[in-house]
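Have a look at the structure below, then the notes.
The values are calculated or read from the model by the stated rules, or taken from the named source; none is laboratory data. Bear in mind the structure is a predicted one, so any value in this text is a computation, not a measurement. Note: ideal-geometry Cβ built from the backbone for every residue, glycine included; neighbour counts use all protein chains shown.
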Amino acid sequence: MPPFTSATTSPPPAVATGGTAEDSTVLLSVRIADEIRRAVLDGEMLPGTRLGQEWLAAKFGASRIPVREALRQLQDEGLVVLAPNRGTWIADVNSQESLEVYKIREALEPLAMAESVPHLSAETIAQLELMVTRLEQVADVQEYIQLDRAFHLATYSAAPMPQLLRMIERYWNSTQHFRRWFVKDSLAKGGLPFSDPQHLMLYEMIRNRDAEGAAAIVRLHIRRTRLLIENLVMQAPDRAAAPKP
C-alpha cells in the first residue's frame, strides 16, 4: 500500500487541559480523515486502493477507534467504501456511473447556484475573481483540478441548503479521478494554461448578481463536460474502466 506523503507516524497530540480521552479520539479521527481525503483528492491514493485499518493505525500512531471513525466519515463523503468481510478501499465509479453523476449534477448544481448568488458576500466574489484569473494562468494539471474544484464549490457556498451542498460535494468526490483523466486527455491535451470562457462568463454573471444567468451557465458547463467525457469513453473505453478492488 503506497504511503501518503504528509502523514506521519508521530503519536497524537496531548489532550489540552480539561480535555478528555474522547476529545483526543475525535481530534485524531479528524486528522486521519483530513490526510486520507487530501491524498485521494490529490490523486496520491487511486481508486480501488485498499485501506487496512491496522496499517492506518500504525501510520498515525493511533488505535483502531479513531481510524474507524475517520473511515466512516470518508464513506459518508463518498470517498471510501466500507464493506463487511471485504475491507475498505478508495471508492470508484465506472464510466457509466460517472456519466450518471454528471447528469444528476446538471440538475442539482444550477439550483445551488441560483440559491447562492444572492447571498454571496463581496469578499467571496473578490476571491472568485482571483481564482478565475488564476485558472487562466495555471500550467500544472493538479493545481488546475484543485483550483477548478475550489472555484465551483465556492460559487455554491452561500446557498442556504446544507443538504444540497453535501450532496454536491459527495458527487464531486466520487468523480474526482474521472475529472483528472478528463482534464489530462481533453482540456489539457494541448498543454496548459487553458482558457475556459465559461469560467469567465460564470464569474461575470455572479459579479452582476444574475442568479438565473449563472445557473444557466453552470448547467451548460456541466453538460459540455459530460458530452466530452462520453466522447473520450467511446475513444478509449479501457482507460475509462474502473479498477476493481
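Condition check for residue 35 on (1) closer than 30 Å to residue 211 by Cα; (2) assigned to a helix (DSSP H, G or I): one failure, at (1). For segment 76-122, filtered to residues that are farther than 27 Å from residue 54 by Cβ and among the β-branched types (Val, Ile, Thr), the residue that is surrounded by the fewest Cβ atoms within 10 Å (Cβ to Cβ) is 104. The helices (runs of 4 or more DSSP H) found entirely in segment 51-169 that carry 2 or more residues being in contact with a Pro (Cβ under 9 Å, 6 or more places away or on another chain) and in the same structural domain as residue 229 (by TED's automatic domain parsing) are 95-116. With respect to the conditions (1) among the charged types (D, E, K, R); (2) out of contact with any Phe, Trp or Tyr (no Cβ under 7 Å at 6 or more places or on another chain); (3) part of a helix (DSSP H, G or I); (4) at pLDDT below 95, residue 189 falls short on a single one, namely (3). Number of residues in segment 195-218 that are buried (at least 19 other Cβ atoms within 10 Å of the Cβ) and either closer than 15 Å to residue 144 by Cα or not assigned by TED's automatic domain parsing to the domain that holds residue 179 (or both): the value is 1.
Within segment 58-68, can one find any residue that is under 18 Å from residue 220 (Cβ atoms), modelled with pLDDT of 90 or more and β-branched (Val, Ile, Thr)? No: zero hits. For segment 1-37, a tally of residues being touching a Ser or Thr at 6+ places or on another chain (Cβ under 7 Å) and at pLDDT 85 or above returns 1.
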